[in-house]
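Step one of this worksheet: look at the structure below.
Computed from the coordinates by the stated procedures, all read-outs in this text should not be read as laboratory data. The structure presented is a predicted model; accordingly, all values stated were derived computationally and were not measured. Glycine gets a Cβ as well: all are built from the backbone with ideal geometry, and neighbour counts include every protein chain shown.
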Amino acid sequence: MSRIRIIGGAWRRRMLEVADVPGLRPSGDAVRETLFNWLGQDLTGQSCLDVFAGSGALGLEAASRGAARVTLLESHPKVLAQLERNYAALHNVPVAGVVEIVRTDALKWLTVPARRYDVVFLDPPFNAGWFERLAGLVEAALAPQGLVYAEAEFPVQNLGNLRSIKQGRSGHVYYQLLSRELP
């Protein structure tokens, strides 16, 4: 089992265990540092959705930085169990946000139209065609001025009506921040 650390906020330097599951690849420190520089270090009051939570690195990092609501979606039982243990270990340091961990299929969760988020983290398993299936659903879950962080094995220049506004690459991982096109 490997470990990664939370890099900022109330849980800074706290370690997260990563379940040993094929295909699970947590976002590295440098990539997360860039992402939270793009988003701003303080997410106070924002709502965040981590669609493929995995280790929880992105969503828990957002909670650590003051997000008001963070929803972590995970369907794999072993990964979900480790995610719950990670959150339980962090929970003794209070944060302003409320973390909700949900065992569900991403497609099913995103079809509920009432949920809107300021930031959606979209880091699905590679080579599984998730972006094509999720494009419209992710956009519908996004608040009007919301942003989507996408991490993939290829550059994601657009996702439905969302367009890349910032991008980077780390090894074989492409990451980008997307927003709605302005009229």
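Can you give me the Cα centroid spacing of region 140-179 and region 3-17 in angstrom?
Result: 24 Å between the Cα centres.
Could you run the Karplus curve 6.51 cos²θ - 1.76 cosθ + 1.60 with θ = phi - 60° over region 53-62 and give me ³J(HN,Hα) per residue in whole Hz, x for Gly and Pro?
After applying 6.51 cos²θ - 1.76 cosθ + 1.60, I find 4, x, 6, x, 3, 6, x, 5, 4, 5 Hz.
Which is farthest toward the positive dipole end of the chain among 59, 98, 160, measuring Cα position about the Cα centre, with Cβ charges +1 (Lys, Arg) and -1 (Asp, Glu)?
98
For residue 49, enumerate residues with amide H under 5 Å from its amide H, sequence gap 5+ or separate chain, H modeled in the peptide plane.
The list, which skips near neighbours in sequence, is 71, 119, 120, 121.
Net charge around residue 18, counting only other residues with Cβ within less than 12 Å of its Cβ (Lys, Arg = +1; Asp, Glu = -1)?
Numbers: positive: 3, 5, 25, 78, 85; negative: 17, 20.
Local charge sum for residue 18: +3.
So if R0 is 22 Å, what FRET efficiency would residue 30 and residue 172 give, r being the distance between their Cβ atoms, rounded to the nearest 0.05? It would help to have the intermediate numbers written out before the result.
Numbers: r = 14 Å, r/R0 = 0.64.
The computed FRET efficiency comes out at 0.95.
Which residues' amide hydrogens lie under 5 Å from the amide hydrogen of residue 142, considering only partners 5 or more residues apart or on another chain, with H built in the peptide plane?
117
Return 6, 165 ranked ascending by Cβ neighbour count within 10 Å, so the fewest neighbours appear first.
Going from sparsest to densest Cβ surroundings: 165, 6.
Under 10 Å, Cα contacts only: if you run a Gaussian network model on the chain, which one of 59, 40, 171 comes out with the highest mean-square fluctuation?
171
Rounded if a/c is under 1.5, else prolate if a/b beats b/c, else oblate: with a ≥ b ≥ c from the C-alpha gyration tensor eigenvalues square-rooted, which is the chain?
It is rounded, given that a/c, with a ≥ b ≥ c, falls under 1.5.
By the scheme Lys and Arg +1, Asp and Glu -1, what is the net charge of all other residues having a beta-carbon under 11 Å from that of residue 49?
Computed value for this residue: 0.
Specify the longest stretch of the chain that does not include any exposed loop site, a site being one of the GluC sites (Glu not before Pro) with a non-H, G, I, E, B DSSP assignment and at most 13 other Cβ atoms within 10 Å.
Free of exposed loop sites, the longest segment is 1-152.
Taking the chain as the reference, fit the longest principal axis to its C-alpha atoms, fit the long axis of helix 130-140 to the helix C-alpha atoms, and give the angle between the two in degrees, 0 to 90, nearest 10.
80 degrees
Could you list 7, 101 in order of exposure, starting from the residue whose Cβ has the fewest other Cβ atoms within 10 Å?
By the 10 Å Cβ count, ascending, the order reads 7, 101.
For helix 29-39, report the angle its Cα long axis makes with the longest principal axis of the Cα atoms of the chain; keep it between 0 and 90° and round to the nearest 10°.
For 29-39 against the chain, the angle is about 60 degrees.
Divide by every residue of the chain the summed helix terms, -39500 (n - 2.57) for each DSSP H run of at least 4, and state the resulting mean residue ellipticity at 222 nm, rounded to the nearest 500 deg cm²/dmol. Intermediate values should be presented prior to the final figure.
Details: 5 runs with 49 residues, N = 183.
Helix contribution divided over all residues of the chain: -8000 deg cm²/dmol.
Once you've got the GNM for the chain with C-alpha springs shorter than 10 Å, pick whichever of 77, 26, 124 has the biggest mean-square fluctuation.
So, out of 77, 26, 124, the one fluctuating most is 77.
Could you tell me how many degrees, from 0 to 90 and to the nearest 10, lie between the Cα long axis of helix 77-90 and the main elongation axis, the longest principal axis, of the Cα atoms of the chain?
60 degrees
Out of residues 5 or more away from residue 5 or on other chains, whose amide H comes under 5 Å of its own, with H placed 1.01 Å from N in the peptide plane?
16
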